[in-house]
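Asks: Supplied in C-alpha coordinates, the structure appears directly below.
The values are calculated or read from the model by the stated rules, or taken from the named source; none is laboratory data. The model shown is predicted, which means the values in this text are computed figures rather than measured ones. Virtual Cβ from ideal backbone geometry, glycine too; neighbours counted across all protein chains shown. Just so you know, the surface numbers come from the protein's heavy atoms only, side chains and all, with ligands and any DNA or RNA stripped out. Shrake-Rupley method; radii C 1.70, N 1.55, O 1.52, S 1.80 Å.
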Amino acid sequence: GAGVSQTPSNKVTEKGKYVELRCDPISGHTALYWYRQSLGQGPEFLIYFQGTGAADDSGLPNDRFFAVRPEGSVSTLKIQRTERGDSAVYLCASSVNKGSAEAFFGQGTRLTVV
Amino acid sequence: KQEVTQIPAALSVPEGENLVLNCSFTDSAIYNLQWFRQDPGKGLTSLLLIQSSQREQTSGRLNASLDKSSGRSTLYIAASQPGDSATYLCAVRGNTPLVFGKGTRLSVIA
(Lines give C-alpha, C1' and ligand atoms only; values in the text may rest on other atoms or scores of the structure.)
Protein backbone atom coordinates (compact mmCIF):
# COMPACT_ATOMS: atom_id res chain seq x y z
CA GLY A 1 0.00 0.00 0.00
CA ALA A 2 0.92 3.66 -0.14
CA GLY A 3 1.52 3.95 3.57
CA VAL A 4 1.22 2.12 6.87
CA SER A 5 -2.43 1.39 7.56
CA GLN A 6 -3.84 0.76 11.04
CA THR A 7 -7.32 -0.43 11.90
CA PRO A 8 -9.48 0.42 13.67
CA SER A 9 -8.68 4.11 14.08
CA ASN A 10 -10.59 4.16 17.35
CA LYS A 11 -11.56 1.36 19.72
CA VAL A 12 -13.58 1.61 22.91
CA THR A 13 -13.75 -1.51 25.03
CA GLU A 14 -14.82 -2.51 28.49
CA LYS A 15 -12.33 -3.37 31.20
CA GLY A 16 -11.49 -7.07 31.08
CA LYS A 17 -12.26 -7.53 27.38
CA TYR A 18 -9.89 -8.77 24.68
CA VAL A 19 -8.89 -6.50 21.78
CA GLU A 20 -6.96 -6.88 18.54
CA LEU A 21 -5.28 -4.03 16.71
CA ARG A 22 -4.16 -4.48 13.12
CA CYS A 23 -1.23 -3.01 11.21
CA ASP A 24 -0.68 -3.29 7.46
CA PRO A 25 2.88 -2.13 6.67
CA ILE A 26 4.26 -0.64 3.49
CA SER A 27 4.66 -3.36 0.89
CA GLY A 28 8.18 -4.82 0.90
CA HIS A 29 9.10 -3.54 4.36
CA THR A 30 10.56 -6.38 6.39
CA ALA A 31 10.82 -4.53 9.71
CA LEU A 32 7.66 -3.73 11.67
CA TYR A 33 7.41 -1.96 15.03
CA TRP A 34 4.66 -1.39 17.57
CA TYR A 35 4.76 1.63 19.88
CA ARG A 36 2.39 2.99 22.53
CA GLN A 37 1.90 6.70 23.14
CA SER A 38 0.24 8.16 26.21
CA LEU A 39 -1.00 11.74 26.33
CA GLY A 40 1.84 14.24 26.40
CA GLN A 41 4.51 11.58 26.03
CA GLY A 42 6.68 10.34 23.21
CA PRO A 43 6.00 6.92 21.72
CA GLU A 44 7.34 3.99 23.76
CA PHE A 45 8.64 0.85 22.08
CA LEU A 46 6.66 -2.37 22.51
CA ILE A 47 7.86 -4.98 20.00
CA TYR A 48 9.83 -5.29 16.76
CA PHE A 49 9.45 -7.89 13.99
CA GLN A 50 11.98 -8.76 11.34
CA GLY A 51 10.01 -10.85 8.87
CA THR A 52 7.73 -13.24 10.73
CA GLY A 53 9.68 -13.43 13.96
CA ALA A 54 9.61 -11.12 16.96
CA ALA A 55 13.23 -9.96 17.10
CA ASP A 56 12.76 -7.82 20.21
CA ASP A 57 9.73 -7.91 22.52
CA SER A 58 11.44 -6.25 25.47
CA GLY A 59 8.97 -3.37 25.50
CA LEU A 60 5.83 -5.43 26.08
CA PRO A 61 4.64 -4.38 29.55
CA ASN A 62 3.34 -7.77 30.69
CA ASP A 63 2.02 -11.10 29.45
CA ARG A 64 -1.39 -9.64 28.61
CA PHE A 65 0.21 -8.16 25.51
CA PHE A 66 1.11 -10.30 22.52
CA ALA A 67 1.76 -9.64 18.83
CA VAL A 68 2.01 -11.80 15.74
CA ARG A 69 3.07 -11.40 12.14
CA PRO A 70 2.44 -14.85 10.65
CA GLU A 71 3.19 -14.14 6.99
CA GLY A 72 5.75 -11.38 7.43
CA SER A 73 3.36 -8.63 6.37
CA VAL A 74 0.25 -7.75 8.42
CA SER A 75 0.71 -7.71 12.18
CA THR A 76 -1.84 -7.95 14.98
CA LEU A 77 -1.31 -6.63 18.50
CA LYS A 78 -3.44 -8.52 20.98
CA ILE A 79 -4.32 -7.34 24.47
CA GLN A 80 -6.03 -9.67 26.91
CA ARG A 81 -8.01 -8.67 30.00
CA THR A 82 -7.73 -4.99 29.17
CA GLU A 83 -7.22 -2.48 31.97
CA ARG A 84 -7.95 1.24 32.08
CA GLY A 85 -4.20 1.88 32.11
CA ASP A 86 -3.95 0.32 28.65
CA SER A 87 -5.76 3.34 27.21
CA ALA A 88 -3.36 5.02 24.77
CA VAL A 89 -2.64 5.47 21.09
CA TYR A 90 -1.01 2.39 19.61
CA LEU A 91 1.29 3.23 16.70
CA CYS A 92 2.72 0.90 14.10
CA ALA A 93 5.76 1.64 11.93
CA SER A 94 7.62 -0.15 9.17
CA SER A 95 10.96 0.21 7.45
CA VAL A 96 12.84 -1.51 4.68
CA ASN A 97 15.13 -3.11 7.23
CA LYS A 98 16.19 -2.59 10.80
CA GLY A 99 19.45 -0.85 10.16
CA SER A 100 19.69 2.70 8.97
CA ALA A 101 16.43 2.87 7.06
CA GLU A 102 13.78 5.50 7.58
CA ALA A 103 10.76 4.44 9.65
CA PHE A 104 7.24 5.29 8.48
CA PHE A 105 4.35 5.41 10.92
CA GLY A 106 0.64 4.76 10.59
CA GLN A 107 -2.09 7.03 11.94
CA GLY A 108 -2.45 4.93 15.08
CA THR A 109 -5.31 3.25 16.91
CA ARG A 110 -6.73 5.17 19.86
CA LEU A 111 -7.71 2.57 22.46
CA THR A 112 -10.00 3.59 25.30
CA VAL A 113 -10.76 1.13 28.07
CA VAL A 114 -13.80 2.09 30.11
CA LYS B 1 19.92 2.80 28.27
CA GLN B 2 19.38 5.46 25.59
CA GLU B 3 17.51 8.54 26.76
CA VAL B 4 16.32 11.37 24.53
CA THR B 5 15.52 14.84 25.82
CA GLN B 6 13.83 17.64 23.89
CA ILE B 7 13.98 21.28 24.86
CA PRO B 8 11.85 23.33 25.07
CA ALA B 9 8.74 21.30 25.89
CA ALA B 10 6.57 24.03 24.35
CA LEU B 11 7.23 27.07 22.22
CA SER B 12 5.03 29.87 20.93
CA VAL B 13 6.31 32.24 18.28
CA PRO B 14 4.84 34.88 15.93
CA GLU B 15 4.54 34.01 12.28
CA GLY B 16 7.67 34.62 10.24
CA GLU B 17 10.21 33.91 12.97
CA ASN B 18 13.07 31.49 12.54
CA LEU B 19 13.28 28.95 15.35
CA VAL B 20 15.39 26.12 16.69
CA LEU B 21 14.24 22.96 18.43
CA ASN B 22 16.78 20.99 20.44
CA CYS B 23 17.26 17.27 20.96
CA SER B 24 19.91 15.53 23.05
CA PHE B 25 20.65 11.84 23.53
CA THR B 26 22.81 10.00 26.05
CA ASP B 27 24.36 7.21 23.96
CA SER B 28 26.25 8.43 20.90
CA ALA B 29 26.39 4.93 19.32
CA ILE B 30 23.50 5.54 16.95
CA TYR B 31 22.74 4.52 13.36
CA ASN B 32 20.56 7.51 12.63
CA LEU B 33 18.34 10.26 14.02
CA GLN B 34 14.89 11.07 12.71
CA TRP B 35 12.70 14.13 13.21
CA PHE B 36 8.92 13.67 13.09
CA ARG B 37 5.91 15.93 13.12
CA GLN B 38 2.70 14.96 14.91
CA ASP B 39 -0.57 16.85 14.55
CA PRO B 40 -3.16 16.49 17.34
CA GLY B 41 -4.84 13.09 17.23
CA LYS B 42 -2.72 11.96 14.29
CA GLY B 43 0.18 9.65 13.61
CA LEU B 44 3.81 10.64 12.99
CA THR B 45 5.03 12.17 9.76
CA SER B 46 8.72 11.75 9.02
CA LEU B 47 10.41 15.09 8.31
CA LEU B 48 14.13 14.38 8.09
CA LEU B 49 16.43 11.40 8.56
CA ILE B 50 20.11 11.97 9.35
CA GLN B 51 22.46 9.02 9.14
CA SER B 52 25.21 8.81 11.76
CA SER B 53 27.83 9.70 9.15
CA GLN B 54 26.02 12.88 8.13
CA ARG B 55 26.14 16.33 9.69
CA GLU B 56 22.88 17.77 8.38
CA GLN B 57 19.86 17.31 6.15
CA THR B 58 17.62 19.91 4.55
CA SER B 59 14.07 19.80 3.25
CA GLY B 60 12.45 23.06 2.21
CA ARG B 61 12.35 25.39 5.21
CA LEU B 62 13.63 22.67 7.54
CA ASN B 63 17.24 21.96 8.37
CA ALA B 64 18.37 19.34 10.86
CA SER B 65 21.91 19.02 12.17
CA LEU B 66 23.58 16.19 14.02
CA ASP B 67 26.60 16.27 16.32
CA LYS B 68 26.90 12.63 17.24
CA SER B 69 29.92 12.97 19.51
CA SER B 70 28.17 15.47 21.75
CA GLY B 71 24.80 13.74 21.51
CA ARG B 72 22.91 16.67 20.04
CA SER B 73 20.64 17.51 17.15
CA THR B 74 18.80 20.68 16.23
CA LEU B 75 15.84 21.24 13.95
CA TYR B 76 15.83 24.69 12.39
CA ILE B 77 12.58 26.02 10.93
CA ALA B 78 12.88 29.11 8.76
CA ALA B 79 10.13 31.70 8.29
CA SER B 80 7.63 29.85 10.47
CA GLN B 81 3.98 29.65 9.39
CA PRO B 82 0.78 28.88 11.35
CA GLY B 83 0.63 25.56 9.48
CA ASP B 84 3.88 24.57 11.21
CA SER B 85 1.99 24.34 14.52
CA ALA B 86 2.35 20.76 15.73
CA THR B 87 4.42 18.60 18.07
CA TYR B 88 7.92 17.83 16.83
CA LEU B 89 9.51 14.58 17.96
CA CYS B 90 13.13 13.53 17.80
CA ALA B 91 14.06 9.82 17.77
CA VAL B 92 17.36 7.96 17.62
CA ARG B 93 18.07 4.44 16.45
CA GLY B 94 21.01 2.43 17.73
CA ASN B 95 21.12 -1.22 18.65
CA THR B 96 17.59 -0.76 19.94
CA PRO B 97 14.60 0.38 17.89
CA LEU B 98 13.75 4.08 17.75
CA VAL B 99 13.88 5.83 21.12
CA PHE B 100 11.81 9.01 21.27
CA GLY B 101 11.90 12.23 23.19
CA LYS B 102 8.69 13.69 24.61
CA GLY B 103 8.50 16.28 21.87
CA THR B 104 8.30 20.05 21.53
CA ARG B 105 4.82 21.49 21.10
CA LEU B 106 5.08 24.41 18.67
CA SER B 107 2.48 27.12 18.18
CA VAL B 108 2.98 29.68 15.42
CA ILE B 109 0.71 32.66 15.91
CA ALA B 110 -0.60 34.54 12.87
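Asks: So for the pair A:Glu71, A:Gln50, with labels modelled 7 Å out along Cα→Cβ, what separation do we get in nm?
Replies: Those two pseudo-labels are separated by 2.4 nm.
Asks: Across the range B:1-83, what fraction of all alpha-carbon pairs, as a whole percent, falls in each successive 10 Å bin from zero upward?
Replies: Result returned by the calculation: 16, 49, 30, 5.
Asks: Separate question: In Å and from the alpha-carbon atoms only, list the Rg and Dmax of chain A.
Replies: Answer for chain A, Rg first and Dmax second: 13.2, 40 Å.
Asks: Shifting gears a bit: Residues of chain A: accessible area per residue at 1.4 Å, in Å²? Mind showing how you got there, number by number?
Replies: Values: 5350 Å² over 114 residues.
Per residue, chain A has 47 Å² of solvent-accessible surface.
Asks: If you don't mind, another one. Provide a list, ordered by number, of residues in the range B:1-47 showing at least 50 Å² less accessible area with every protein chain present than when their chain is taken on its own, using a 1.4 Å probe.
Replies: B:Leu44
Asks: Continuing with the same structure: For the protein assembly as shown, what % of the accessible area comes from carbon and sulfur atoms, probe 1.4 Å?
Replies: 48 percent
Asks: Starting from the Cα-Cα distance between B:Leu19 and B:Glu3, subtract it from 0.36 nm times their residue separation and give me the gain in nm to one decimal. Could you put the intermediate results ahead of the total?
Replies: Working: separation 16, 0.36 × 16 = 5.76 nm, distance 2.38 nm.
This chain segment gains 3.4 nm when fully extended.
Asks: A further question follows. Got a sec? Charge dipole of chain B, +1 on Cβ for Lys and Arg, -1 for Asp and Glu; which of B:Ser28, B:Thr87, B:Val108 is way out at the positive end?
Replies: Most positive-ward Cα: B:Ser28.
Asks: Can you pull the one-decimal nm distance between simple spin-label points at B:Thr96 and B:Thr58, each 7 Å off the Cα toward Cβ?
Replies: Between B:Thr96 and B:Thr58, the simple spin-label model gives 3.5 nm.
Asks: Here's another thing I want to ask about it. Starting from one equal scatterer on each C-alpha and no solvent at all, send me the Debye-based log10 I(q)/I(0) for the range A:1-51 at q = 0.17, 0.31 Å⁻¹, two decimals.
Replies: -0.70, -1.23
Asks: To continue, here is another question. Please compute how much accessible surface disappears when B pairs with A, both sides summed, using a 1.4 Å probe, and round it to the nearest 100 Å².
Replies: The B and A chains share an interface burying roughly 1600 Å².
Asks: So, one more: Report for the protein assembly as shown the percent antiparallel among DSSP-assigned beta bridges with both residues inside it, nearest 5.
Replies: On the way: 72 of 81 bridges.
Within the protein assembly as shown, antiparallel bridges account for around 90 percent of the total.
Asks: Further, regarding this structure: Ignoring ligands, DNA and RNA, what accessible area per residue does chain B give at 1.4 Å, in Å²?
Replies: Normalised by residue count, the accessible surface of chain B is 47 Å².
Asks: If the limit is 19 Å between Cα atoms, which of A:Lys11/B:Lys42; A:Lys15/B:Lys102; B:Lys1/B:Lys68 go over it?
Replies: Flagged as over cut-off: A:Lys15/B:Lys102.
Asks: To the nearest 0.05, how large is the calculated FRET efficiency for A:Gln80 and B:Lys42 if R₀ is 25 Å and r is the Cβ-Cβ distance?
Replies: According to the calculation, E is roughly 0.35.
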